[in-house]
Amino acid sequence: MWWRALAASVGALAVLAVAGLYAASEWELRRTRMVYFDPALKLPRSTNDAEAKRQAILIGCWEGCHGKTGEGLRLTLPGGQRLTAPNLSSVLPHYSDGELERLLRYGVRKDGSTALMMPADTFYPMGEAQIGAIADFLRRQPATEGPKHERSLSLVTRWQVLQGEFPLSADEVDPKAPRWGELPQRNAFERGRALASTVCAECHGRDFKGDPWDGGPALTVIAAYDYPQFERLLRTGRPAGADRDLGDMGEVARAAFVHFKEEEIADLYVFLRERAGLPYDLAQVHGADDGLQPPTIAPSSRSLE
């Protein structure tokens, strides 16, 4: 009957549409990004493995996105979608120093395709010495077994990929942005700026005004904290005036931020206060008095972005 023919035609069109969506999104995910890397690059090596490990924890590749010891981690996204953060011991040996720097700073894999869910835009500002020390530490760790590679994306996500609404690592990087980790860090503000750009920006956006994808709020709120409140937040994940856990912030605080040094928390506080146009008292902020600033400081004309 005619309605059966119509249903068959509609079904065939739906199959073609799904196949087209899958093919187009796969092309976008697999296409080569023309990002240059230096094949002769030799990254600096770690001179302090304990410090290199601490840095790896702070940026999330150790005891974080790649599992407890870099063995890989299966991630479940909304809708039952699944991605696997790769096993570092099986991936890193196949990358040259130049390819690895390109991966971290530009989100481009060895084959030229984009990484997924890797915050390359927050690794981009890192200094070469920091990248080299972390990479050297990770490369020398024993091989471990981890979950098998998996990438299962819904049709909605694949549509978002084509519309530019699903963040692809290679497309999130601004190659014109400053590399704060390579610039002078002569005082608390400059040190805090470099640290925030690689640790806080992943969840709160490169401009620290919030990240709609990760759900991290603008950091202007915590810039208004006094120093004890700010330190408590980073150490415990608990906000000022409340004895409650902030979910993802609490998890990150317990896994990574507990490894902050006291002076790093002070540097972050100084940076966020000055960036928000708020004065601060160095007598209250432990470790932030580096001799380059007066006891109480109002907003300056320094570069805040």
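Within region 38-50, the only residue that satisfies the criterion of being in contact with a helix residue (DSSP H, G or I) (Cβ under 7 Å, 6 or more places away or on another chain) and assigned to a helix (DSSP H, G or I) is Asp49. For region 97-129, a residue qualifies if it is closer than 17 Å to Ile59 by Cα, buried (at least 21 other Cβ atoms within 10 Å of the Cβ) and either of a type outside the set (A, V, I, L, M, F, W, C) or not assigned by TED's automatic domain parsing to the domain that holds Pro86 (or both), and the qualifying residues are Glu101, Arg102, Arg105, Tyr106, Gly107, Pro119, Asp121, Thr122, Tyr124, Pro125. Taken as a whole, the condition of being charged (D, E, K, R) and more than 20 Å from Glu274 (Cα to Cα) applies to Glu182. Looking only at residues in region 51-70 that are touching a strand residue (DSSP E or B) at 6+ places or on another chain (Cβ under 6 Å) and either modelled with pLDDT of 90 or more or part of a loop (DSSP other than H, G, I, E, B) (or both), the one that is surrounded by the fewest Cβ atoms within 10 Å (Cβ to Cβ) is Cys65. Can Ser25 be described as crowded, with 17+ Cβ neighbours inside 10 Å, over 25 Å from Thr198 (Cα atoms) and in contact (Cβ under 8 Å) with a residue 24 or more places away in the chain? Here the answer is yes, as Ser25 does meet what is asked. Residue-level analysis places Glu231 among those that are modelled with pLDDT of 85 or more, part of a helix (DSSP H, G or I) and more than 15 Å from Glu190 (Cβ to Cβ).
Glu251 falls short on exactly one of the conditions (1) closer than 23 Å to Thr122 by Cβ; (2) at pLDDT 75 or above; (3) touching a helix residue (DSSP H, G or I) at 6+ places or on another chain (Cβ under 9 Å), and that condition is (3).
Checking each residue of region 71-91 against the condition of being part of a loop (DSSP other than H, G, I, E, B), assigned by TED's automatic domain parsing to the domain that holds Gln163, modelled with pLDDT of 90 or more and more than 29 Å from Arg179 (Cα to Cα) gives at least one match. For region 144-159, state whether one or more residues are surrounded by fewer than 15 Cβ atoms within 10 Å (Cβ to Cβ), assigned by TED's automatic domain parsing to the domain that holds Arg109 and free of Cβ contacts under 8 Å to residues at least 40 places away in the same chain. Checked against the condition, which is being surrounded by fewer than 15 Cβ atoms within 10 Å (Cβ to Cβ), assigned by TED's automatic domain parsing to the domain that holds Arg109 and free of Cβ contacts under 8 Å to residues at least 40 places away in the same chain, region 144-159 yields no hits at all.
Residues of region 164-218 that are small (Gly, Ala, Ser), assigned to a loop (DSSP other than H, G, I, E, B) and closer than 29 Å to Leu77 by Cα: Gly164, Gly205, Gly210, Gly215, Ala218. Close contacts from region 229-250, counting a first residue that is closer than 13 Å to Ala266 by Cα and a second that is exposed (fewer than 15 other Cβ atoms within 10 Å of the Cβ) and modelled with pLDDT under 80, with Cβ to Cβ under 6 Å and a gap of 6+ residues or different chains, come to Gln229/Ala240. Within the option set Asp211, Asp267, Asp207, being within 18 Å of Gly60 (Cβ to Cβ) and outside the structural domain of Leu58 (by TED's automatic domain parsing) holds for one residue only, Asp211.
The values are calculated or read from the model by the stated rules, or taken from the named source; none is laboratory data. What you are looking at is a predicted structure, and each value in this text was computed from that prediction instead of being measured. Because the Cβ atoms are built from the backbone with ideal geometry, glycine has one as well, and the counts that use them run over all protein chains shown.
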